[in-house]
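The values are calculated or read from the model by the stated rules, or taken from the named source; none is laboratory data. Every value quoted in this text rests on a predicted model; they were computed, and no experiment measured them. Positions of Cβ are generated from backbone atoms using ideal geometry, with glycine treated the same way; all protein chains shown enter the neighbour counts.
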Amino acid sequence: MQNIKRTAVAVALAASTLLVSACSSSGTSAHTTQNAADGRPIVNKENWPKKVPTSGLTKGLTLPLEAYMDSYEDQVTVEQAADDLQQSCMKDYGIDLTLPLAGANPPPSDNDANIERRYGITDRAEAEKYGYELPPALQEHTEQTMPDLSGAEVEVLTGHTKPQPPHAVKAGEPVAAPNQGTKPARAEYNGKKLKAGGCVGWSKEQLGVTDADPTFVAQLAGDSLEQSMKDDKVIKATAAWSSCMDGKGHTGLADPYKAMDQGVTTDGKATQESIALAVDDIDCKTQTDLVKIWFGVESAIQNKQIADNKSRLTGVKEQHEVEVAAASKQMADSAR
């Protein structure tokens, strides 16, 4: 939701960053559903992103590194299982806690590759309706109530004292980390010893969740995109796309990201101009085979990355599988 400078990792996520920036740039563009009071379910899987695109120029395409990324469904499974365990743990201390349901506000893409918009927008049918904006269902935000826990309850849940409310940061002053200034929790509550790391730490332990670096695969994906942009084939195809856009009256657009910068509106609502730009953008991608060429170049780069980092990537994948399997079992057991 923030404008992120395109560093190696940020480049990989730039497309989604540009798209969702419209949701947050003005305080009124995102629609809020209070606890699905309008009758819609809090978690609507119909709005979840597809694991593999089913339409547009990226239909059926998956980059090699996606095999090592968590899918959104798996992320939700692990998060919800952890929440269920935390609620059960808190109950053991006599505390009734209801945490927000996971999966209520899905992202526009299934994983960090953001393949649908990695090379700019690619779905003409959506462009005709929404330009560069997200579909309305993804601009809505389901607001769930987060309980206001007492200091003691926070200690039971987290294993540390309740953080102090953030103060206004003055110019030049460092921003405090979320848990900065906290202290270790009390030893027991209601006559029962607290768990190491609180109920949160205990839930991670039960699911085998580790605190391994979560950015490694995203970093590789950022590097591969950055490298691909310097490839002669991609440079040539991008130049052809830019020339095509010039011919349609859209001058000065060096690459599809510039078109997105220009096409995304401040209120999240497409205009006739932004729709026309979006449609021409995709038509020029089709005419020049830009997406196909770019995807092919980056796939080759990622295959080399995988070969060079096989052991570490295999470890990442195996850890994901352990966590998802444990989370799936936990949810199945709790449903009985």
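In this structure, does ASP84 turn out to be part of a helix (DSSP H, G or I) and either in contact with a Cys (Cβ under 6 Å, 6 or more places away or on another chain) or not polar (S, T, N, Q) (or both)? Spell out the reasoning first.
Details: part of a helix (DSSP H, G or I): yes; either in contact with a Cys (Cβ under 6 Å, 6 or more places away or on another chain) or not polar (S, T, N, Q) (or both): yes.
Yes: the conditions hold for ASP84.
Pick from LYS269, LYS204, LYS195, LYS230: which is assigned to a helix (DSSP H, G or I) and either in contact with a Pro (Cβ under 8 Å, 6 or more places away or on another chain) or surrounded by fewer than 21 Cβ atoms within 10 Å (Cβ to Cβ) (or both)? Break it down stepwise before answering.
Numbers: LYS269 fails: assigned to a helix (DSSP H, G or I); LYS195 fails: assigned to a helix (DSSP H, G or I); LYS230 fails: assigned to a helix (DSSP H, G or I).
Testing whether each residue is assigned to a helix (DSSP H, G or I) and either in contact with a Pro (Cβ under 8 Å, 6 or more places away or on another chain) or surrounded by fewer than 21 Cβ atoms within 10 Å (Cβ to Cβ) (or both) leaves just LYS204.
How about the range 42-67: which of its residues are over 19 Å from the mean Cα position of the chain (by Cα) and surrounded by 14 or more Cβ atoms within 10 Å (Cβ to Cβ)?
Answer for the range 42-67, where residues must be over 19 Å from the mean Cα position of the chain (by Cα) and surrounded by 14 or more Cβ atoms within 10 Å (Cβ to Cβ): SER55, GLY56, LEU57.
Tell me which residues, restricted to the range 68-89, are under 18 Å from the mean Cα position of the chain (by Cα) and more than 29 Å from ALA125 (Cα to Cα).
Quick first cut of the range 68-89, residues under 18 Å from the mean Cα position of the chain (by Cα) only: 68-80.
Matches in the range 68-89: TYR68, THR77, VAL78, GLU79, GLN80.
Kindly indicate whether any position in the range 25-35 is modelled with pLDDT of 95 or more, within 21 Å of ASN105 (Cα to Cα) and of a type outside the set (Ser, Thr, Tyr).
Applying the first criterion (modelled with pLDDT of 95 or more) to the range 25-35 yields none.
Scanning the range 25-35 turns up no residue that is modelled with pLDDT of 95 or more, within 21 Å of ASN105 (Cα to Cα) and of a type outside the set (Ser, Thr, Tyr).
When both residues are 6+ apart or on different chains and their Cβ atoms are under 6 Å apart, which pairs have a first residue that lies in the range 128-143 and is part of a helix (DSSP H, G or I), and a second that is modelled with pLDDT under 90?
What qualifies is GLN139/CYS23; GLN139/ALA30; GLN139/GLY268.
Of all residues in the range 315-332, which are closer than 17 Å to GLU205 by Cα and charged (D, E, K, R)?
GLU318, GLU321, GLU323, LYS329
Picking from ALA254, ALA218, which residue would you name as being in a helix (DSSP H, G or I) and touching a residue at least 12 places away in the same chain (Cβ under 8 Å)? Can you show your working first?
On the way: ALA254 fails: in a helix (DSSP H, G or I).
Answer to the check: ALA218.
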